[in-house]
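J.: Following this message is one structure expressed as structure tokens.
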Amino acid sequence: DVAETGVQTCALPILAAAPAHAVARSLLEMSDRLEIQRNVWDYSNAIDLRAWHLLDQVLADDVELFLGDQVRGKAAAVAWLQQRFTQPDLHGYVHMMLQSRITVTGDRADSLTRCLNPVERVLADQRHVARYDFHCFHFQHVRTPGGWRIRRRLSAEEPRALHWETPPFNAV
């Protein structure tokens, strides 16, 4: 009985001994983790779909993103992403977000998400090359009244980033 022991009984043994407040805290943490994971995926989807306006729902107003060779605020970051991913020789790309490691501490969180990003470019002679980038997105997030937002992207210099490229080929 919860009133007498403070323990909520449940048919699942893993929850049987957990106090009700611990279960509620666990559910909130799971909800936070799912929202943060969605936040990271929405960031990559906004880029892949070239839906730049969607970044307003992903980035905090005071965001600091390390992009290229410098830290950029929100307007500069969106402009840089838009310029980079709309180059005429860029034929196609997709950010395939893989496993995430998320640590939530109150209204702040860190996420480290693996990403495989194939990119196809058209060369001056009209042949194509495919480049495969494997890297990690390391974000710091903050809870806002509108939900979780990306507050900072840490350095893109990652010791385990991999990049490989095909020889030029004729596209079919």
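J.: Out of curiosity, is Val104 among the β-branched types (Val, Ile, Thr), touching a residue at least 24 places away in the same chain (Cβ under 8 Å), in contact with a helix residue (DSSP H, G or I) (Cβ under 9 Å, 6 or more places away or on another chain) and open to solvent by less than 50 Å² (accessible area, probe 1.4 Å)? Reasoning before the result, please.
T.: On the way: among the β-branched types (Val, Ile, Thr): yes; touching a residue at least 24 places away in the same chain (Cβ under 8 Å): yes; in contact with a helix residue (DSSP H, G or I) (Cβ under 9 Å, 6 or more places away or on another chain): yes; open to solvent by less than 50 Å² (accessible area, probe 1.4 Å): yes.
Taking the combined requirement at face value, the residue satisfies it.
J.: In the stretch 119-134, which residue that is open to solvent by 30 Å² or more (accessible area, probe 1.4 Å), in a strand (DSSP E or B) and of a type outside the set (D, E, K, R) is farthest from Ala161 (Cα to Cα)?
T.: Val122
J.: What is the one condition in (1) closer than 30 Å to Ser26 by Cα; (2) more than 16 Å from the chain's Cα centre (by Cα); (3) touching a residue at least 24 places away in the same chain (Cβ under 8 Å) that Pro145 does not satisfy?
T.: Exception for Pro145: condition (3).
J.: Something else: From the list Val78, Val94, pick out the single residue that is modelled with pLDDT of 95 or more and in contact with a Pro (Cβ under 9 Å, 6 or more places away or on another chain).
T.: Working: Val78 fails: in contact with a Pro (Cβ under 9 Å, 6 or more places away or on another chain).
None of the other options fit; the residue is Val94.
J.: Between a first residue in the stretch 32-54 that is aromatic (Phe, Trp, Tyr) and a second residue that is assigned to a helix (DSSP H, G or I) and surrounded by 19 or more Cβ atoms within 10 Å (Cβ to Cβ), which pairs have beta carbons less than 7 Å apart while being 6 or more apart in sequence or on different chains?
T.: Trp52/Ala46; Trp52/Val78
The values are calculated or read from the model by the stated rules, or taken from the named source; none is laboratory data. Predicted, not measured: the structure shown is a model, and the values here were computed from it. FYI the Cβ positions are ideal-geometry reconstructions off the backbone, even for glycines, and counts take in every protein chain you see. These area figures cover heavy atoms from the full protein model, side chains too; ligands, DNA and RNA do not enter into them. Shrake-Rupley method; radii C 1.70, N 1.55, O 1.52, S 1.80 Å.
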